Amino acid sequence: MLTATSLQRQLLKWFDQYGRKNLPWQANKTPYRVWVAEIMLQQTQVATVIPYYLRFMTTFPTLQHLANAPLDTVLHLWTGLGYYSRAKNLHRTANMIMQEYNGHFPDHLEQLTTLPGIGTSTAGAILACAFNRKATILDGNVKRVLTRLYGIENPINDKKTQTQLWEIAKQLTPTKRIADYTQAMMDLGATVCTRRKPTCKACPLHKNCIANKNDLTLQIPYKTREKPKPIKQTGFLILQYKQEILLERRVMKGVWQGLWSFPETKVPITLSKLKKALQAEFNNIAIYTTHMLPTFRRTFSHYHLDITPIHLTITKRSNKKIAKEQQIWYSLQSETSIGLPKPVKQLLDQLL
Ligand code: ADE
């Protein structure tokens with residue numbers, strides 16, 4: 001069987017030739033820059049992250065810039081990237097580091113994992129990549145590499161499998177070249193040992209890979225079948241007055257927390273019922289046209305959401321009732337610096 005030393009040697013040799021060395025967060029490495037990258041990369045692929053990362057770094061070049069910014073500006077830069085709690089956690093963590101650590105990024109695992117949004121693997125990546133400290137990561141890519149390499153056929157999300165994988169990952173972690181090793185593991189998972197089309201011939205570890213030997217590469221990692229997700233429905237009320245659209249800030253609960261979205265209504269609903277409800281909610285509005293748009297689906301971790309947009313143009317609005325504190329009339333012509341969920345942004349772009 002492969003020893004830790006020989007795995008490290010083969011992997012690092014592969015990394016020197018094929019590893020990624022020009023990713024934006026690999027230049028001018030600071031804990032801040034590495035941390036932001038790791039958070040963006042938690043649920044999003046490298047190619048998608050890069051333009052967001054570059055914009056983020058231009059707007060917030062330092063931890064201090066991020067901590068001092070309004071949350072809305074942070075959310076605005078996150079529009080379209082998804083999993084918005086990451087943006088909120090970044091902002092909160094930046095403020096916590098300013099206050100509790102005097103602006104110095106903590107460099108111990110125990111400190112890092114108390115910060116919002118930083119789990120053990122992300123903390124490991126920050127320690128290894130930014131501080132060159134011996135630390136272990138175990139993200140989705142690395143889990144795939146290790147389950148295949150060791151031919152682990154137990155379901156990947158079982159607690160026992162997770163414990164086993166952490167043990168293996170720790171035991172394989174080298175003392176030297178820790179940043180390169182960490183990047184190499186991630187790169188191998190992302191570019192060679194991919195989920196659907198692994199290129200085993202290009203893998204430096206394929207001779208030692210049990211999944212490869214037993215022709216199980218596409219079966220591993222095993223997953224227990226997920227329960228089907230429930231389907232929820234909602235109607236987006238796109239209330240348009242001239243070139244302005246009514247948006248309201250979502251509560252700090254559920255999906256899209258703190259982002260700006262359309263008021264919602266139960267669906268299905270008849271247009272006459274809807275008009276009545278709107279008159280009651282916003283007295284004095286005069287509805288001119290109503291138009292149902294095609295329903296589309298967004299999928300979250302726990303459910304599907306079928307969204308039916310209903311476009312209503314109004315000719316009169318009551319300023320008193322509409323545009324209370326958590327509502328704004330969003331101008332279609334001038335982009336306001338607020339966070340918008342991707343489907344909301346797409347619908348607003350369509351209206352232009
Ligand atoms: N995925 C998670 N972290 C990464 C990193 N530092 N580089 C490339 N892909 C990653």
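Within segment 218-245, restricting attention to residues that are touching a Phe, Trp or Tyr at 6+ places or on another chain (Cβ under 6 Å) and over 30 Å from T194 (Cα atoms), which residue is most open to solvent (accessible area, probe 1.4 Å)?
K232
Residue by residue, here is whether (1) assigned to a loop (DSSP other than H, G, I, E, B); (2) in contact (Cβ under 8 Å) with a residue 60 or more places away in the chain; (3) away from the ligand (no atom under 16 Å from the Cβ) holds:
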{"site": "A190", "(1), (2), (3)": "no, yes, no"}
{"site": "R196", "(1), (2), (3)": "yes, no, yes"}
{"site": "P221", "(1), (2), (3)": "yes, yes, yes"}
{"site": "E226", "(1), (2), (3)": "yes, no, yes"}
{"site": "Y288", "(1), (2), (3)": "no, no, yes"}
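Go through segment 24-74 and report how many residues are within 14 Å of the ligand (Cβ to nearest atom), in contact with a Ser or Thr (Cβ under 8 Å, 6 or more places away or on another chain) and not in a helix (DSSP H, G or I).
Within segment 24-74, residues that are within 14 Å of the ligand (Cβ to nearest atom), in contact with a Ser or Thr (Cβ under 8 Å, 6 or more places away or on another chain) and not in a helix (DSSP H, G or I) number 1.
Take the residues of segment 290-314 that are in a strand (DSSP E or B) and of a type in the set (A, V, I, L, M, F, W, C): which is most open to solvent (accessible area, probe 1.4 Å)?
The qualifying residue most open to solvent (accessible area, probe 1.4 Å) is M292.
Please go through (1) touching a helix residue (DSSP H, G or I) at 6+ places or on another chain (Cβ under 7 Å); (2) assigned to a loop (DSSP other than H, G, I, E, B); (3) within 16 Å of the ligand (Cβ to nearest atom) for P174 and return the number of the only condition it doesn't satisfy.
Going through (1) touching a helix residue (DSSP H, G or I) at 6+ places or on another chain (Cβ under 7 Å); (2) assigned to a loop (DSSP other than H, G, I, E, B); (3) within 16 Å of the ligand (Cβ to nearest atom) one by one, P174 breaks only (3).
Among (1) within 30 Å of T175 (Cα to Cα); (2) open to solvent by 10 Å² or more (accessible area, probe 1.4 Å); (3) in contact (Cβ under 8 Å) with a residue 60 or more places away in the chain, there is one condition H76 misses while meeting the rest; what is its number?
In the conditions (1) within 30 Å of T175 (Cα to Cα); (2) open to solvent by 10 Å² or more (accessible area, probe 1.4 Å); (3) in contact (Cβ under 8 Å) with a residue 60 or more places away in the chain, H76 misses (1) alone.
Considering only segment 147-171, state which residues are outside any loop (DSSP other than H, G, I, E, B), open to solvent by less than 60 Å² (accessible area, probe 1.4 Å) and away from the ligand (no atom under 16 Å from the Cβ).
Selection gives T147, R148, L149, T161, Q162, L165, W166, I168.
Return only the number of the condition from (1) farther than 18 Å from Y150 by Cα; (2) of a type outside the set (G, A, S); (3) assigned by TED's automatic domain parsing to the domain that holds L127; (4) free of Cβ contacts under 8 Å to residues at least 40 places away in the same chain that K207 does not satisfy.
(1)
Give segment 92-122 a look and list any residue that's open to solvent by less than 30 Å² (accessible area, probe 1.4 Å) and part of a helix (DSSP H, G or I), or say none.
Scanning segment 92-122 gives T93, A94, I97, L112, S121, T122.
Please verify whether A135 is within 16 Å of the ligand (Cβ to nearest atom) and either open to solvent by 50 Å² or more (accessible area, probe 1.4 Å) or assigned to a helix (DSSP H, G or I) (or both), treating the condition exactly as stated.
Spelling it out, it is not the case that A135 is within 16 Å of the ligand (Cβ to nearest atom) and either open to solvent by 50 Å² or more (accessible area, probe 1.4 Å) or assigned to a helix (DSSP H, G or I) (or both).
The values are calculated or read from the model by the stated rules, or taken from the named source; none is laboratory data. Just so we're clear, the structure is a prediction, and the values are computed from it rather than from any experiment. All Cβ positions, glycine included, derive from the backbone under ideal geometry; neighbour counts span all protein chains shown. Heads up: the accessible areas ignore ligands, DNA and RNA and are worked out on the full protein's heavy atoms, side chains in. Shrake-Rupley method; radii C 1.70, N 1.55, O 1.52, S 1.80 Å.
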